[in-house]
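Novice: Quick one: the structure is below, questions incoming.
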Amino acid sequence: MPREQSRLDVEIAVNGTSTRNSVEARTLLVHYLREVVGLTGTNIGCDTTSCGACTVLLDGESVKSCTVLAVQADGHEVTTIEGLADGDTLHPMQEAFREHHGLQCGYCTPGMVMASVSLAMEQGALSEAEVREGLEGNLCRCTGYQNIVAAVMAGSAAMSEVAGVSANAGPGGGAK
Amino acid sequence: MIPAAFSYVRAESADDAVALLAEHGDEAKLIAGGHSLLPLMKLRLATPTVLIDVARVPDLAYVRDGGDHLAIGGLTRHHDVETDPLVRDAVPLLGHAAGQVGDPQVRHRGTLGGSLAHGDPASDLPAVVLAVGGTIVARGPQGEREIAADDFFVDFLETALAPDEVITEVRVPKTNGAGWAFEKFNRRAQDWAIVGVAAVGGDHPGVALVNMGSKPLRAATVEEALRAGASPEDAAAHAADGTDPTADLNASVEYRQHLARVLVRRALTTVANGPGEH
């Protein structure tokens, strides 16, 4: 039997839950997430690796899910916008986007938030220049970016604070 | 947009990838990060019927100190080249340029080997590997061979790789503290360069051009002028010599040639000022 297959079973952990499905080899990750798993928070914008609306985390790093095959993500972990909040408690980056109104129509927002989470995990609290450079792969046609930049600066600072607190809160001591 | 249907197979090793390429011939394409290939497949400009995924081949993503050069595995992602302390120290031009490719999401997927194998004259990293005089290591049915960057880029999206060869390693000479510069001129942050320049000084000055012809180009006349002792300004006047850029929405041929002269002058001025922040 030839090894190459036009249809494969993939197992992808999406937001911490294992998903197992048979897909065509050509299925894009964004279609897998939206149409097979049913998570429609990840938007398709340009569909040409430019706009970043479809950004998700693959093993914790931002990628554009319109340019990843589902079979490439087989055996890996994917986090979408639906996987950030802890119950009713928004993720610090989501909270910052709400607080600073980092959106207008909201279409680019899931991708903006996911790209920003990845940036903050890699670089910690971000300066304005780091945000503007780091979000070069995410386009917004409404806001002019000002509030998005403010949100990501605040969100990255909040994420660093949380990470710092949990790092300091070792057994027998640490910040209260 | 969805690619045309294809069959998919994962290579277990570089040799397995070579065997699969030999088995499937012209019908097959290798995929690693897929950030050159998948956009073409979605536009149906590329319609391979077999996709051989090399991304899971173990031990092909690394940066190693090879003495006078760095040895970088073909599957090393742009993000990992960009952030690798050894690269930043020994070949800062490459580390910096890797950080200029696309955007962070693209750099989390795209690989050095993939970028070179694609052979796009508008890509950043081929020009860098040309400027520093790098070597591409290709594995084929007869084992490995080394291809000088100067011999590697043949024509538009065409390289010296045989259809049944896979890039396993890229060797990049250390630049030993020489001045360097990377100039990328584009209209929007994440765009391809309209024109780009990679330059390094030292004992073996190298200057290469992005998007100034059908393949990544060495600016040979500029280098000759430098070796003859020309000033950055005088050497840069030769930047468009022998180039044959295309005209498109962004730039006419004349504008690209003008840009090449301006950007090479800027790059050589930075190189002359020695290493430092760029």
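Novice: Taking A:Pro92 as meeting all but one of (1) closer than 24 Å to A:Gly134 by Cα; (2) within 11 Å of chain B (Cβ to nearest Cβ); (3) in contact (Cβ under 8 Å) with a residue 60 or more places away in the chain, write down the number of the exception.
Specialist: Exception for A:Pro92: condition (2).
Residues checked against (1) under 13 Å from B:Gly74 (Cα atoms); (2) surrounded by fewer than 21 Cβ atoms within 10 Å (Cβ to Cβ); (3) in contact with a Pro (Cβ under 7 Å, 6 or more places away or on another chain):
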residue: B:Ala19; (1), (2), (3): no, yes, no
residue: B:Gly25; (1), (2), (3): no, yes, yes
residue: B:Ala28; (1), (2), (3): no, no, yes
residue: B:Leu43; (1), (2), (3): no, yes, no
residue: B:Ala46; (1), (2), (3): no, yes, no
residue: B:Thr49; (1), (2), (3): no, yes, no
residue: B:Ala55; (1), (2), (3): yes, yes, no
residue: B:Pro58; (1), (2), (3): yes, yes, no
residue: B:Ala61; (1), (2), (3): yes, yes, no
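Novice: Suppose we filter the stretch B:191-218 for residues that are in contact with a Ser or Thr (Cβ under 7 Å, 6 or more places away or on another chain), at pLDDT below 95 and within 23 Å of B:Thr76 (Cα to Cα); how many remain?
Specialist: Matching residues across the stretch B:191-218 total 0.
Novice: Anything in the stretch B:25-59 that is over 22 Å from the mean Cα position of the chain (by Cα), within 16 Å of A:Arg3 (Cβ to Cβ) and within 8 Å of chain A (Cβ to nearest Cβ)? List them, or say none.
Specialist: B:Val50, B:Leu51
Novice: Taking the stretch B:5-21 on its own, how many of its residues are closer than 14 Å to A:Glu4 by Cβ and either small (Gly, Ala, Ser) or more than 9 Å from chain A (Cβ to nearest Cβ) (or both)?
Specialist: Of the residues in that region, 8 qualify.
Novice: Within the stretch B:85-97, is there a residue that is within 30 Å of A:Thr27 (Cβ to Cβ) and away from chain A (no Cβ under 11 Å)? Before the answer, list the steps.
Specialist: Of all residues in the stretch B:85-97, those within 30 Å of A:Thr27 (Cβ to Cβ) come to none.
Scanning the stretch B:85-97 turns up no residue that is within 30 Å of A:Thr27 (Cβ to Cβ) and away from chain A (no Cβ under 11 Å).
Novice: Another one. Collect the residues in the stretch B:222-252 that are over 22 Å from the mean Cα position of the chain (by Cα), surrounded by fewer than 15 Cβ atoms within 10 Å (Cβ to Cβ) and within 18 Å of B:Met212 (Cα to Cα), keeping them in residue-number order.
Specialist: Hits for the stretch B:222-252 are B:Leu249, B:Ser252.
Novice: Now, a different point. Which pairs have Cβ atoms under 6 Å, sit 6 or more apart or on different chains, and link a residue in the stretch B:259-278 that is on the phi > 0 side of the Ramachandran plot to one that is at pLDDT 95 or above and surrounded by 15 or more Cβ atoms within 10 Å (Cβ to Cβ)?
Specialist: Between residues of the stretch B:259-278 that are on the phi > 0 side of the Ramachandran plot and residues that are at pLDDT 95 or above and surrounded by 15 or more Cβ atoms within 10 Å (Cβ to Cβ), the close pairs are B:Gly274/B:Gly179.
Novice: Return only the number of the condition from (1) farther than 30 Å from A:Met112 by Cβ; (2) assigned to a loop (DSSP other than H, G, I, E, B) that B:Val129 does not satisfy.
Specialist: The single condition B:Val129 does not satisfy is (2).
The values are calculated or read from the model by the stated rules, or taken from the named source; none is laboratory data. All values reported here derive from a predicted model rather than from experimental measurement. Quick reminder, even Gly has a Cβ in these numbers, built from the backbone with ideal geometry, and neighbours come from all protein chains shown.
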